[in-house]
Structure formats: C-alpha cells, structure tokens
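Enquirer: The structure's right below; bear with me while I get my questions together.
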C-alpha cells in the first residue's frame, strides 16, 4: 500500500500543478477582457440619464442647424457691411476718384475683379460653416464621451459641407460711383467759391467793409457748408452702390430640415445602443 501511495503522489502533484496553471491562465484572460472592455465602455448609466442626454443632443442639433442657416443667409449682408466700412466713405471716395482718373481700362477692370473676390468670395462663407460644424461636432463628442472613452466608438456625426455656388458679384457700379463722386467734388468746389463770393458781397454791402476777421468767418462758414453738402452727397452715392450690389445677391437653396433630420437619425441610432 505504501508503495502505491508513493507512486501516485507525484502524479497527483503534477495534476494539481496543471490545474492551477490553467486556472491562472483563465483568470488572466478574464482580467484582460475586462480591462479591454473598460477602455471602450464606461460604467453603466441610468436610462434616465441616457434619455436626458439624447434630448439635449437633439437640442444641439436644432441649434446647430439654426446657426448654420443664420450664418449662410446673413453672410451677404455681412460682406456688404465689410465692403462699405473699408471701401466707401468720404476718404475712400478720394482714393477711388484718383484711380478712376489715372487707371487704364484694364487696370480698372482688374481692380473691380479683385474687390469682388476679396469681399464676396463664397470660400469665406464655406470656411465659417466648417468652423461652426467643427464646434458642433466637438460638443457632441464631449457629450457622448460620458458613455465611451474610445472616440472611435462615439460614431459622431460628420461635419456637413455646404456646396455653395461660386460668388459672382460684379462691381461695375464702381464706375458710376467714382464718376459721381468726382462730379460732387467739382460741384462742391464751385459751391465753395460761389458761397464765399455771395457771403462776402452780402457782408460788404451791409457793413460797408470786411475786416480780416470777417474774411476768416466767411471762410469758416463756407467750409462747413461745403463739407456738410459733400458728406451728404457721398453718403447718398454710397447707398446707391450698396443697393446695386444687394440686388446681385444669389439665393442659397439649402434643405436645412434634411440636414437636421440626418443629425437626429444619428443621435437616435447612437442612444438606442445605450438602452
């Protein structure tokens, strides 16, 4: 009997060792699987929280589409405002009067094309829509990261790139605008001379003489009147070119409801996997 026990003892030890090795291997595999799962998915979140996150994301979708529509529809007016601020006004009118007189036809046409591309380029609007979409996408990623740590699992919506038609704004009105300003400048100069002469004659006939101080006062009065007339005429002329450019606005036909529906479908699809 003793010999049998001595013979079986090594075999038992070997079997036990193999069993412990298999058990340790299985435990290791379970821990690795658990760790891998933890990387991709966070701890369970209540159905109420999931529903609240879904509703909030739907509101983000609605706000993004509204901001997108507002950006596109108001972009032309913003371009007009920028053009008016930088290229129109009393000081700018002198600059363009000089160019109007000194430029050749080719140089003048090139100038109009450059201004059109600088202020009414559709690529500027597309860049702004991309930046808006990027901010929206980051908000969605931040919201969904409550459920997943791995961004590849977030299934975030793609940024919607608008295919806006190339802007084609013709600045031909700059011809008549600069010509009119030139006429205004000549006219106000003549007005200055006539007013000065008239006021001088009037004061001289009433007072009988005109001192040096009186001449200075006449000069100030006529200068103020001429400046006021010049500014009023320039502003009126600027308004005419802005109205002419506004008539060239191209309507952007964009199905915003379809964009929002696509985003909502993505939202619903994502949160269905969380319930």
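Enquirer: How many nm separate the modelled label positions at residue 229 and residue 170, each set 7 Å beyond the Cα in the direction of the Cβ?
Expert: Label at residue 229, label at residue 170, 3.5 nm between them.
Enquirer: For segment 81-159, what does the alpha-carbon gyration tensor say about shape, rounded, prolate or oblate, given a ≥ b ≥ c as the root eigenvalues, a/c under 1.5 as rounded, and a/b over b/c as prolate?
Expert: Details: a/c = 8.18, a/b = 3.70, b/c = 2.21.
Prolate shape, in that a/c is at least 1.5 and a/b is the bigger ratio.
Enquirer: What is the distance in Å between the Cα centroid of segment 226-275 and that of segment 107-133?
Expert: Rounded to whole Å, the Cα centres lie 14 Å apart.
Enquirer: Subtract the Cα-Cα distance of residue 255 and residue 90 from 0.36 nm times their separation in residues, and report this length gain in nm to one decimal.
Expert: Details: separation 165, 0.36 × 165 = 59.40 nm, distance 4.21 nm.
Working it through step by step, the gained length comes to 55.2 nm.
Enquirer: Classify segment 64-118: rounded, prolate or oblate, from the alpha-carbon gyration tensor (a ≥ b ≥ c, eigenvalue square roots; a/c under 1.5 rounded; otherwise prolate if a/b is larger than b/c)? The partial results should precede the final answer.
Expert: On the way: a/c = 6.58, a/b = 2.29, b/c = 2.87.
In terms of gyration-tensor shape, oblate.
Enquirer: Something else about it: Among 177-189, 237-249, what's the highest-first ranking by average C-beta atoms within 10 angstrom per residue?
Expert: Values: 177-189: 17.2, 237-249: 15.4.
So the order, starting with the most tightly packed, is 177-189, 237-249.
Readers should treat all values here as calculations from the given coordinates under stated rules, not as data from a laboratory. All of these numbers come straight from a predicted model, not from anything done at the bench. As a convention, Cβ positions derive from the backbone with ideal geometry for all residues, glycine included, and neighbour counts pool all protein chains shown.
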